[in-house]
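What follows is a set of notes on a single structure, which appears directly below.
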Amino acid sequence: MASDNLTVLNALDTARTQWYHVTAVVIAGMGFFTDAYDLFCITTVSKLLGRLYYYDPATHAPGKLPHSVNNWVIGVALVGTLTGQLVFGWLADKLGRKKVYGLTLILMVICALCSGLSFGYSRKVVIGTLCFFRFWLGFGIGGDYPLSATIMSEYANKRTRGAFIAAVFAMQGVGIIFAGLVSMIVSKVFLMNFGGKAFATDEVFSTEPEADYVWRIVLMLGALPALLTYYWRMKMPETGRYTSIIEGNAKQAAIDMGKVLDIEIQAEGEKLAKFKAANEYSLLSNEFFMRHGHHLIGTMTTWFLLDIAFYSQNLTQKDIFPTMGLVSDAKNISALREMFETSRAMFVIALLGTFPGYWFTVFFIEKIGRFKIQLMGFFMMSVFMAIIGIKYDYLKTKEHKWTFAALYGLTFFFANFGPNSTTFVLPAELFPTRVRSTCHALSAASGKAGAMVSAFGVQEYTQDGNVHKIKKAMLFLAFTNMIGFCCTFLVTETKGRSLEEISGEDETQMKSNRTDSGRQDDGWD
């Protein structure tokens, strides 16, 4: 089959792992680091926003964001992410991966900075401008999903492609850790210098005036990694697959990939023309539906169901931490102390539960395969969430808080050593080059739709700490994971195969070649 594929594609598939692979992982991965930091740092500051802007003396309780405001502060970036995924995913297939890759970073830098500024003094203006800029921040973040996955899959060799794509995505785990770590450090520095009394002692000054700087600094620091990555992204050449298959420029693809691989590659203009002509079908064509319709349904449904559970875990952990005993009661601490303890708990859970799972996937994805890892992850998440839901009354007591923490951490571990990683990898491999970025965008956007179900729906059951509601939420998440387990059977294993073999692009070319040969043998030409 290799002989029927283009030389430039064979060269990419069979290339030994070298420095440019590592460079590509780092450049694409830093985007995901920034994405995760920007999306999840809001969890550490949302309670502080409630203390600062929604304190009501009549209640004699610490200020708290109203449910609708909390949902929008946390969820608006997800709405932007969904929109950005669809727009940038489509643009990457139409204009090229490289041309739109830098735009996502520029948008992320500007909007991260503006999120921290959030002009005005009244709570309505501050929250309104915060939501506005976080929507556009999410829009830029959304573009990074299909672009980073597609670029990495098209650069990688077929032996280690899954590990490289998973490594890019694993930077999400590092970003979540840093979201907790940076929030913890910044709040601790301010706490040491401006720490106030507990709310029970002084209702007004338990919310330190200087705390208004803290959340702004945390949000604005999200611009830094994106800014540092921009130069290197602009130096990356267009992927050989896009240049050759989509643009039809065999010579430029050979030159670009020859430099990257440090070898000489033959251009093959005539062979490329046949290859390109044999793969012209569009996303909405019957041929695409017959070849890849079930794959697209599979990647969209599994990512949707996964993100309902995954984002529920991350976005609601601030509500679960008090139950675990990882943070103190809000009335017994100041605003900055509450933020510090929430950030510390998030950091510990991410470091011990979230982070290892990503890298287990990186190390084992080429041995076990994407399909089995996804099945295992969905199943184990469902088991642990069902246990938490059924035994929540038992686990929430102080005597069993470490058992609770262990079970909660294991759900994170198997999310990441499971579908949270594989749902990112598979859409970058299953579809033809012409629509690869768009299909990844559709799958990722479906995931963000699931995240919005979490932000605007599941959180309603966890914000008040109501035991009965939290049990319902956990059992619901266990059920969605089991549906995800079943929907995994709509996708196929991609381990060890070239992108063209998986998508059927080289198969189409082989049929074209056989047709041409048959015509010549029959004397029609």
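Listed by first and then second residue, the pairs linking a residue in the stretch 66-87 that is under 12 Å from Ile141 (Cβ atoms) to a residue that is surrounded by 21 or more Cβ atoms within 10 Å (Cβ to Cβ) and hydroxyl-bearing (Ser, Thr, Tyr), with Cβ atoms under 8 Å apart and 6 or more places separating them unless they lie on different chains, are Leu78/Tyr311; Thr81/Tyr145; Gly84/Thr104; Gln85/Tyr145.
Where helices (runs of 4 or more DSSP H) fall entirely within the stretch 153-239, those with at least 3 residues that are modelled with pLDDT of 90 or more and surrounded by fewer than 18 Cβ atoms within 10 Å (Cβ to Cβ) are at 161-194, 211-220. Pairing residues of the stretch 333-355 that are part of a helix (DSSP H, G or I) with residues that are aromatic (Phe, Trp, Tyr), at Cβ distances under 6 Å and at least 6 apart in sequence or on separate chains, gives Leu336/Phe190; Ala345/Phe321; Gly353/Phe412; Gly353/Phe413; Thr354/Phe412. The set of residues from the stretch 39-73 being of a type outside the set (A, V, I, L, M, F, W, C) and assigned to a loop (DSSP other than H, G, I, E, B) comprises Tyr54, Tyr55, Asp56, His60, Pro62, Gly63, Lys64, Pro66.
Residues considered: Gly120, Gly140. Of these, the only one that is modelled with pLDDT of 90 or more and not basic (Lys, Arg) is Gly140. Tell me, please, whether a residue that is free of Cβ contacts under 8 Å to residues at least 60 places away in the same chain, farther than 30 Å from Tyr281 by Cα and surrounded by fewer than 20 Cβ atoms within 10 Å (Cβ to Cβ) can be found in the stretch 412-427. Within the stretch 412-427 (the criterion being free of Cβ contacts under 8 Å to residues at least 60 places away in the same chain, farther than 30 Å from Tyr281 by Cα and surrounded by fewer than 20 Cβ atoms within 10 Å (Cβ to Cβ)), the answer is no, since none of the residues qualifies.
Per the listing Ala11, Ala61, the residue uniquely on the phi < 0 side of the Ramachandran plot and out of contact with any helix residue (DSSP H, G or I) (no Cβ under 7 Å at 6 or more places or on another chain) is Ala61.
When Leu407 is tested against (1) in contact (Cβ under 8 Å) with a residue 40 or more places away in the chain; (2) open to solvent by 10 Å² or more (accessible area, probe 1.4 Å); (3) under 17 Å from Ala478 (Cα atoms), just one condition goes unmet, and that condition is (1).
Taken together, the criteria exclude Met376 from residues that are within 25 Å of Gly195 (Cβ to Cβ) and touching a Gly at 6+ places or on another chain (Cβ under 7 Å).
Cβ-Cβ distances below 6 Å connect the following pairs, each with a first residue in the stretch 466-487 that is without any contact (Cβ under 8 Å) to a residue 60 or more places away in the chain, a second residue that is open to solvent by 70 Å² or more (accessible area, probe 1.4 Å), and a separation of six or more residues or different chains: Lys469/Tyr461. Across the stretch 390-401, the number of residues qualifying as in a helix (DSSP H, G or I) and either without any contact (Cβ under 8 Å) to a residue 40 or more places away in the chain or surrounded by fewer than 19 Cβ atoms within 10 Å (Cβ to Cβ) (or both) comes to 8. Here Val383 meets each of (1) under 27 Å from Val182 (Cβ atoms); (2) out of contact with any helix residue (DSSP H, G or I) (no Cβ under 7 Å at 6 or more places or on another chain); (3) open to solvent by 20 Å² or more (accessible area, probe 1.4 Å) with one exception, condition (1).
Are any residues in the stretch 9-25 loosely packed, with under 15 Cβ neighbours inside 10 Å and under 30 Å from Val182 (Cα atoms), and if so, which ones? Residue satisfying the conditions is Val22 alone. Residue count for the stretch 402-449, restricted to those that are in a helix (DSSP H, G or I) and closer than 30 Å to Arg241 by Cβ: 28.
The values are calculated or read from the model by the stated rules, or taken from the named source; none is laboratory data. Just so it is clear, the model here is predicted, and its values are computed rather than measured. Please note: Cβ atoms are built from the backbone with ideal geometry, for glycine as well, and neighbour counts cover all protein chains shown. We work out accessible area using only protein heavy atoms, side chains counted, and drop any ligands, DNA or RNA first. Shrake-Rupley method; radii C 1.70, N 1.55, O 1.52, S 1.80 Å.
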